[in-house]
1. All other residues with a Cβ under 14 Å from the Cβ of A94 taken together, and with Lys, Arg as +1 and Asp, Glu as -1, what is their net charge?
2. On full extension of the chain, what length is gained from N86 through A14, given 0.36 nm per residue of separation minus the C-alpha to C-alpha distance?
3. Quick check on packing: order 76-82, 63-69 by the mean number of other C-beta atoms within 10 Å, highest mean leading.
4. Can you tell me the order of 24-34, 49-59 when each peptide is scored by its average per-residue count of other Cβ atoms within 10 angstrom, highest first?
Amino acid sequence: MGSNTVRSLDREPAALAMRIGVVAAEAALATFARNLDLDDLADGVDFQGAIGPAEWPVFSLVIDTLAEADPGDRRPLDERRADALNDLARICMAAKRRGAA
């Protein structure tokens, strides 16, 4: 790399990491939409039983990251995961709007 080489802002490490995160979030949301029936959500969801083994690593990483309990959060994992799905949908919608702008 020469001293006069300039990286564009979208190639900076932080920007690349954010794009990878959005791609993972979009993949997780697509996996959820493909594999789970919304009518079954009222009864609780066995995520690992519903998501195929090939898609499970990315899906579980994203959902469990979003569902991580804060100190003092006494909600059960299923409730936190339900909230994480809502957060996931908002992340993907915001990324889509930002990409269209």
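Any read-out appearing in this document is the output of simple, stated calculations on the displayed coordinates, not a laboratory observation. Quick caveat, the model's predicted, so the values are computed rather than measured. Please note: Cβ atoms are built from the backbone with ideal geometry, for glycine as well, and neighbour counts cover all protein chains shown.
1. On the way: positive: R19, R90, K96, R97, R98; negative: E26, D87.
Combined, the nearby Lys, Arg, Asp and Glu give +3.
2. On the way: separation 72, 0.36 × 72 = 25.92 nm, distance 2.48 nm.
Roughly 23.4 nm would be gained on extension.
3. Numbers: 76-82: 13.9, 63-69: 16.0.
Order by mean packing, descending: 63-69, 76-82.
4. Details: 24-34: 17.4, 49-59: 13.6.
Order by mean packing, descending: 24-34, 49-59.
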